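Accompanying notes for the structure given below.
The values are calculated or read from the model by the stated rules, or taken from the named source; none is laboratory data. Every value quoted in this text rests on a predicted model; they were computed, and no experiment measured them. Please note: Cβ atoms are built from the backbone with ideal geometry, for glycine as well, and neighbour counts cover all protein chains shown.
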Amino acid sequence: ACANEGLITVISRTLGPVDLYRFDRFASVKQRTMLAAEHPTCAWPGCNTPAERGQFHHLTPWKHGGETNVANLVTLCNYHNGINDDDPNAPPRRGRLTRQGGTIVWQPPHTSR
Ligand SMILES: [Zn+2]
């Protein structure tokens, strides 16, 4: 019955909250499981690095007030986490990932944020 709805994540309530807000910078096991279900591989276009070998990136950076909530996190490999343009005040270099309408999209450099 759920197959027509796309990916579905079912996580036990006994393992803690889904969203961590500003309480913890690092994604919980529950969040990592949910994010790997959304993106089994790095979310950067064309990258196939498995989620279990990657990192969990804050779309709005932690240092700019981003929260450790599933809506603000995405699976990235170590390389693409490193080249993502995190700082909105820095000169654009390689583009960045954003969440638009619930979907992760790559925003090219030199476009408005
Ligand atoms: Zn990647």
* So is T68 more than 16 Å from the ligand (Cβ to nearest atom), out of contact with any Pro (no Cβ under 6 Å at 6 or more places or on another chain) and at pLDDT 85 or above or not? -> yes
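Of these, K30, K63, which one is in contact with a Leu (Cβ under 7 Å, 6 or more places away or on another chain) and among the basic types (K, R)? Let's see the steps before the verdict.
Working: K63 fails: in contact with a Leu (Cβ under 7 Å, 6 or more places away or on another chain).
That would be K30, the only listed residue that is in contact with a Leu (Cβ under 7 Å, 6 or more places away or on another chain) and among the basic types (K, R).
Name the residues in region 71-113 that are small (G, A, S) and at pLDDT 90 or above, would you? Spell out the reasoning first.
Of the residues in region 71-113, the ones small (G, A, S) are 71, 82, 90, 95, 101-102, 112.
The answer is A71, G82, G95.
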* To do: For P40, state whether it is within 14 Å of the ligand (Cβ to nearest atom), farther than 19 Å from Q107 by Cα and touching a helix residue (DSSP H, G or I) at 6+ places or on another chain (Cβ under 8 Å).
  => yes
* To do: Scan region 71-97 for residues that are in contact (Cβ under 8 Å) with a residue 12 or more places away in the chain, out of contact with any Ser or Thr (no Cβ under 7 Å at 6 or more places or on another chain) and either more than 16 Å from the ligand (Cβ to nearest atom) or of a type in the set (A, V, I, L, M, F, W, C) (or both) and jot them down.
  => A71, L73, V74, L76, D87, P88, P92, L97
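Please go through region 77-99 and pick out each residue that is touching an Asp or Glu at 6+ places or on another chain (Cβ under 8 Å) and exposed (fewer than 15 other Cβ atoms within 10 Å of the Cβ).
Matches in region 77-99: R93, R94.
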